[in-house]
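Participant: Sharing a structure with you now.
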Amino acid sequence: MQDDDFVNPGLFAVERGQELFNQKQGQNQQSCASCHGEAGEKLEVKKISQFPVYNSDTKEIITLQKRIQRCGSRITSQSIATDHPDLIALETFVRNLAHGEKVNVKTDGPVVTVLKKGENCLKHVMA
């Protein structure tokens, strides 16, 4: 079902995400498309396929949702809440742009420390 664009229910989220991507907001009436192109064509699909990524400045793992939140908050002074249906739709639209790209999440280097903390935290919670 996920291979057929006409029956895949996930594509409703992609369509909704594209609507939101092009929706003008804020005092300057800008949208995500103002910077990234109406169909997201100015986004780098190889970079999209690398999310989540490690930010060495903040020493945290940045999900695609968080990246979209931060970028969107530059357009408006408000940020969409994590896992809000609109943010999920935007994330689905953006991630769909990289459909067919090889997933290339980095799990080596400085991110190892953050991943270990997460593993230890999970072990503590599960105990």
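Participant: State all residues of the range 55-90 that are closer than 19 Å to F12 by Cα and of a type in the set (S, T, N, Q); if no residue qualifies, say none.
Facilitator: Listed by number, the list holds a single entry, Q65.
Participant: Within the range 56-87, count every residue that is surrounded by fewer than 18 Cβ atoms within 10 Å (Cβ to Cβ) and not in a helix (DSSP H, G or I).
Facilitator: 16
Participant: Give the residue, chosen from L20, L11, that is aliphatic (A, V, I, L, M), farther than 29 Å from V114 by Cβ and touching a Cys at 6+ places or on another chain (Cβ under 9 Å).
Facilitator: L20
Participant: Okay, next question. Please state which of the following conditions G40 fails to meet, knowing it meets all the rest: (1) in a helix (DSSP H, G or I); (2) at pLDDT 95 or above.
Facilitator: Failed condition: (1).
Participant: Taking the residues in the range 23-45 that are surrounded by 15 or more Cβ atoms within 10 Å (Cβ to Cβ) and among the hydrophobic types (A, V, I, L, M, F, W, C) as candidates, determine which candidate is farthest from V112 (Cα to Cα).
Facilitator: Here the answer is A33.
Participant: For the range 8-31, name all the residues that are assigned to a helix (DSSP H, G or I) and either among the hydroxyl-bearing types (S, T, Y) or modelled with pLDDT under 90 (or both).
Facilitator: G10, L11
Participant: Considering the range 20-51 alone, what residues qualify as being of a type outside the set (S, T, N, Q) and over 17 Å from C71 (Cβ atoms)?
Facilitator: Answer for the range 20-51, where residues must be of a type outside the set (S, T, N, Q) and over 17 Å from C71 (Cβ atoms): just K46.
Participant: Only residues that are surrounded by 10 or more Cβ atoms within 10 Å (Cβ to Cβ), without any contact (Cβ under 8 Å) to a residue 60 or more places away in the chain, under 19 Å from the mean Cα position of the chain (by Cα) and over 15 Å from I62 (Cα atoms): list them for the range 88-127, please.
Facilitator: If the condition is that a residue be surrounded by 10 or more Cβ atoms within 10 Å (Cβ to Cβ), without any contact (Cβ under 8 Å) to a residue 60 or more places away in the chain, under 19 Å from the mean Cα position of the chain (by Cα) and over 15 Å from I62 (Cα atoms), then L97, A98, H99, E101 are the ones that fit.
Participant: Moving on. What is the one condition in (1) under 16 Å from the mean Cα position of the chain (by Cα); (2) surrounded by fewer than 18 Cβ atoms within 10 Å (Cβ to Cβ) that I48 does not satisfy?
Facilitator: (2)
The values are calculated or read from the model by the stated rules, or taken from the named source; none is laboratory data. Because the structure is a prediction, the values reported are computed rather than measured. Positions of Cβ are backbone-derived with ideal geometry, glycine not excepted, and every protein chain shown enters the neighbour counts.
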